Amino acid sequence: MRFGVLGPVRVWTDDGRPVRVPELKVRVLLAALLAREGRPVPPWRLVDDLWDARPPGKPTGALRAKVSQLRRALGDAEPGGRELVAAGASGYVLEAATDAGDFAELVRRARTAPGPARAADLLTEALALWRGPAFSPYEDAPFARATAARLEEQRLTALEELARARLELGEHGPLVAELTDLVGAHPVRERLTGLLMRALYGSGRQSEALAAYRALRVRLREEAGLDPGPELAGLQQRILAGDEALAAARPAVPRLRPPRLPVPLTPLVGRAAELAELGPLLGGERLVTLTGPGGVGKTRLALALLGERPEPGYVAELAGAGGGSVADVVATAFGVPDEDRIAAALGDAPAVLLLDNAEHVVEQAAKLADRLLRAAPGLRVLATGREPLGVAGEVVRAVAPLAEADAVRLFADRAAASAPGFALGAGNAAEVAEVCRRLDGIPLALELAASRVRGLGVQGLAAGLDDRFRLLDEGPRGLPERQRTLRAALEWSWRLLDDRERAALRRLAVHGAGCTLSGAIYVCADTGAGPDAGVSIEAGGEQAPPAGLTAEEVPGLLARLVDRSLVSRDGERFRLLETVAAYAWERLEEAGETAEVLRRRDDYYVRLAECAEAERAGHARQRWIGRLDAEIANLREALDGATRRRETALATRISGSLAWYEAASGRPTPH
């Protein structure tokens, strides 16, 4: 069993499966033991670590219970796990192999390596073990603060040593961007600035190298009243003198950039079941794609998965990529000049590549993933998008909206953060649940809505959701443009559709309670919806119109919309999320098709009711009762529409045809 502290605290079995440690205090106990690095910890100190200044009534017994829970979690995951937590006269100790130990050993070997190439390989391998801030999310806790700070200093030193080795190998150009970021994060660290100056000078950028020195000197004088040390001052003089030795370079050898996963600013809510399923799945499959509608949380889930993997993870954000730049984005993620160098740099080493937001460049992303998987046997690819890549061997999993309890928790957490004083309670629980339901449990929509609680209150927010796109028109500035508003998230998907897919999607919006395939064909196909249209309610019809959407092509369009996560399929029924339906309805009105498509819908349901009435006495009676049960909400909408338009004959046909159903089922029908 292995333990991870170079990032979020994690546990893996020997074969790489993540181990779930339940309950917050048990996870704090695990982190506290790991922070002592194999030294015994007295019970009283662990009580302080877990409960700070508010220990429970019987602290020793409470601590024993948490130790027992930790032992059980480790023991259930792998034989021998329980015995790793030992108790002795000096206290409790966790005898664990950690990624911090692996890191230290690799760095030690790099320092005695025979040359810069081997040193760079070992340091790259060491830095690949880092998944985020050490001991996250406990890095600021008193028990972990010193250890986390020491490990972070060791990480920075290893980065400096890797940069020095790569400079010896002639990788001046690729290093500039990486060192610029590091200097920005640590602006008074002289060794980093010196390495950046060398990389810039070796790339033919002498004036920028000198500017980096001046920037450090100004900052040191302002903050500490000091000048740069003699080593850096000497480097400046060598650059001013045009020292050719600084620019000498060997041919560059491709090397992987040390991975550094983005650190989310807010905790992941829910998704425990998805992580439990997808972790082992990604361990056994080489290509896994997460699909789902915009804002459902595919990227957050994917990053959480990468954070739990023992192998290094690399993130290629494709949202801003064009078709020709997909390979460039992926090469940059790995830190190599071009696609041809990726496989050579990976070799047989294990790694996971996240192709994030691939839907608009799906063909290019699919081809690249296929090439890389064939060329690099240790690579796994995790993709996210609104449709699958369509590559052989791909395993697709749809990311569903949050369950109601998790949606409510996410909304309440975000609302409390933006509106001081907000708390979920009996007085607002019903309104919060209604908001979460109407926003389909989509995390992006919930977060945008929660930011409006401060100005509108929950009741005002719930009342305004009929005009949700105007209401949720501004999100946090740090989000990508496509996620800044609810409308932008939908428009990103809309732009990826062709004209025929758009026509089908906007017309499906009239089926408020979902529909069968025949119902979709009836409203989408441009065959007319009158009694002589030739479209069978049961079979979907055979006649094709001379222009527009044909009945034959609607099933294919519907399948593509399902693939692109805009339509969901539940058995034989197809549905739009309420937010997608609201957007599609706007587009229907913009197209000037509303009256015609509503007429088709109402005609479809009146004919459905009349067919059911005609066969009510036959062997299909029970089947028709089940069919009407599923369609009762749509029948009610059709009747209401006919009534609003004062089409008395149509309304009478619907209500009259359902009289037998009301008597047979005991359910009220539209009147």
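Below are the figures for this structure:
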{"read-out": "Residue that is modelled with the highest pLDDT, among those in the stretch 1-22 that are basic (Lys, Arg) and within 12 Å of residue 78 (Cβ to Cβ)", "value": "2"}
{"read-out": "Residue satisfying all of: in the stretch 408-451; assigned to a helix (DSSP H, G or I) and of a type in the set (Asp, Glu); nearest to residue 488 (Cα to Cα) among these", "value": "447"}
{"read-out": "Some residue of the stretch 200-207 being in a helix (DSSP H, G or I), closer than 25 Å to residue 113 by Cβ and touching a Pro at 6+ places or on another chain (Cβ under 9 Å)", "value": "no"}
{"read-out": "Residues satisfying the stated conditions in the stretch 466-508, i.e. among the small types (Gly, Ala, Ser) and either in contact with a strand residue (DSSP E or B) (Cβ under 9 Å, 6 or more places away or on another chain) or modelled with pLDDT of 70 or more (or both)", "value": "488, 489, 493, 503, 504"}
{"read-out": "Subset of the stretch 8-47 (residues that are outside any loop (DSSP other than H, G, I, E, B), charged (D, E, K, R) and in contact with a Pro (Cβ under 8 Å, 6 or more places away or on another chain))", "value": "10"}
{"read-out": "Filtered residues of the stretch 545-593 (kept if out of contact with any Lys or Arg (no Cβ under 8 Å at 6 or more places or on another chain), assigned to a helix (DSSP H, G or I) and free of Cβ contacts under 8 Å to residues at least 24 places away in the same chain)", "value": "556, 559, 589, 590"}
{"read-out": "Residue in the stretch 326-363 that is surrounded by the most Cβ atoms within 10 Å (Cβ to Cβ), counting only those that are of a type in the set (Val, Ile, Thr) and assigned to a helix (DSSP H, G or I)", "value": "342"}
{"read-out": "Residue match in the stretch 517-529 (condition: of a type outside the set (D, E, K, R), over 30 Å from residue 444 (Cα atoms), modelled with pLDDT of 80 or more and in a loop (DSSP other than H, G, I, E, B))", "value": "yes"}
{"read-out": "Candidates 63, 29, filtered to the one that is under 22 Å from residue 131 (Cα atoms), surrounded by 16 or more Cβ atoms within 10 Å (Cβ to Cβ) and among the hydrophobic types (A, V, I, L, M, F, W, C)", "value": "29"}
{"read-out": "Contacts under 8 angstrom Cβ, first residue in the stretch 41-62 being hydrophobic (A, V, I, L, M, F, W, C), partner surrounded by 15 or more Cβ atoms within 10 Å (Cβ to Cβ) and in a loop (DSSP other than H, G, I, E, B), 6 or more apart", "value": "47/55; 62/55"}
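The values are calculated or read from the model by the stated rules, or taken from the named source; none is laboratory data. Just so you know, these numbers come straight off a predicted model, no measurement behind them. Heads up, the Cβs are rebuilt from the backbone with ideal geometry, glycines too, and the neighbour counts pull from every protein chain shown.
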